[in-house]
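So the structure is just underneath, and the comments pick up after that.
The values are calculated or read from the model by the stated rules, or taken from the named source; none is laboratory data. All of these numbers come straight from a predicted model, not from anything done at the bench. Note: ideal-geometry Cβ built from the backbone for every residue, glycine included; neighbour counts use all protein chains shown.
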Amino acid sequence: MNINLQDNLPNSETVSIIVRTANENRFFLLEKALQSIIDNDYRPLEIIVVVQSQNKEFISVIKDLCVNINQKHVVCKTIINFTSQDQRAKSLNLGLESVTGKYVGFLDDDDILYPNHILHLINLFNNLDNYAWGYSQVVMAVCQLNNGEVNIVNQGRPFQKDQFSVDEILKDNFIPLHSYLIDRSKVLSEILCFNENFFVLEDYEFLLRLISKYQPFCSPKFSCEYRYYIKSTDKISDIDHVLNHKDIKSAKTWWNFGKRIEKLKKQLYPNYSPKLISSYDRKFILLQLPFLSILKRKLPVFWKFIKRIIFKE
């Protein structure tokens, strides 16, 4: 899907943030996400909430929420993706069709931006020449919900890299969707769109195409938060564990789309030399053989030896 930039040309210095939401049970998380955007010390802002739902009551509540955002130099719009299907890539494209800002960023309804996130990146755009996009670092928070309150039970920095590297991004995606801003005036329309055939890893597929044309600036500053929610009964809150833990059905879906990601890497980067076992193969193997995950967590030295044998690392 190509987004026609001629129909929504960039508007001065406005920053547009696309927020996608699909679950009425996470409404209070959406409120926190939107508040984190409003709390940013940058204006003007345009917030576009894309609601993926067929629940008319839920849609009405979201519309009311956006209408009631009464902040100077902040505009909040609602876009409806009227479906019960998981169309996360399409929701992002619907948002992109509606943005008017020169810069565009993204935020899922369960993550947050820190108050200086947007201004920090805009200042870097202004001080650095010829960059089409750039990103900052992300804190990962493992959270539990308690009577509508978010309790952070663990924090880490698993995505942290000192500098941008194509080789590193080809190994795995370490740039979460909400960590970057894009200057729409500098990016081709065929690049600035998401592949709607990807039901997962749509952000990684997008990044690989974006990076193949435009190198980003990388800020060492931590200015946003990726939140992962576990049940109150879950005893393990280790960052590495929750990042790699999925049920068999969803893990198989990620594994299948991971194979498509590997094909895309080879198309975009002819010199790309993949590992014997990709990161998605490895995660799937770990899920199929849970005792390996226990070894990885409890016996890290022995795990390194096992990795060399099984994964040829």
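Quick notes on this structure:
- Positions within the range 25-58 being acidic (Asp, Glu) and either modelled with pLDDT of 95 or more or under 20 Å from the mean Cα position of the chain (by Cα) (or both), in sequence order: GLU31, ASP39, GLU46, GLU57
- Subset of the range 41-79 (residues that are of a type outside the set (A, V, I, L, M, F, W, C) and under 24 Å from ASN93 (Cβ atoms)): PRO44, GLU46, GLN52, SER53, GLN54, ASN55, LYS56, SER60, LYS63, LYS77, THR78
- Filter result (in a loop (DSSP other than H, G, I, E, B), touching a helix residue (DSSP H, G or I) at 6+ places or on another chain (Cβ under 9 Å) and either under 20 Å from PRO220 (Cβ atoms) or polar (S, T, N, Q) (or both)) within the range 133-161: ARG157, PRO158, PHE159, LYS161
- The requirement of being in contact with a Lys or Arg (Cβ under 9 Å, 6 or more places away or on another chain), in the same structural domain as SER189 (by TED's automatic domain parsing) and assigned to a helix (DSSP H, G or I) is not satisfied by SER60.
- Residue in the range 152-164 that is hydrophobic (A, V, I, L, M, F, W, C) and closer than 25 Å to LYS266 by Cα present: yes
- Selection count, the range 137-162, where residues are in contact with a Cys (Cβ under 9 Å, 6 or more places away or on another chain) and either on the phi > 0 side of the Ramachandran plot or aliphatic (A, V, I, L, M) (or both): 5
- Scan of the range 77-102 for residues that are more than 15 Å from VAL19 (Cβ to Cβ) and part of a strand (DSSP E or B), ordered by number: LYS102
- Residues in the range 62-83 that are exposed (fewer than 15 other Cβ atoms within 10 Å of the Cβ) and either among the aliphatic types (A, V, I, L, M) or without any contact (Cβ under 8 Å) to a residue 12 or more places away in the chain (or both): ASP64, VAL67, ASN68, ASN70.
- Test result for ARG297, at pLDDT below 75 and either more than 30 Å from LEU34 (Cβ to Cβ) or not in a helix (DSSP H, G or I) (or both): yes
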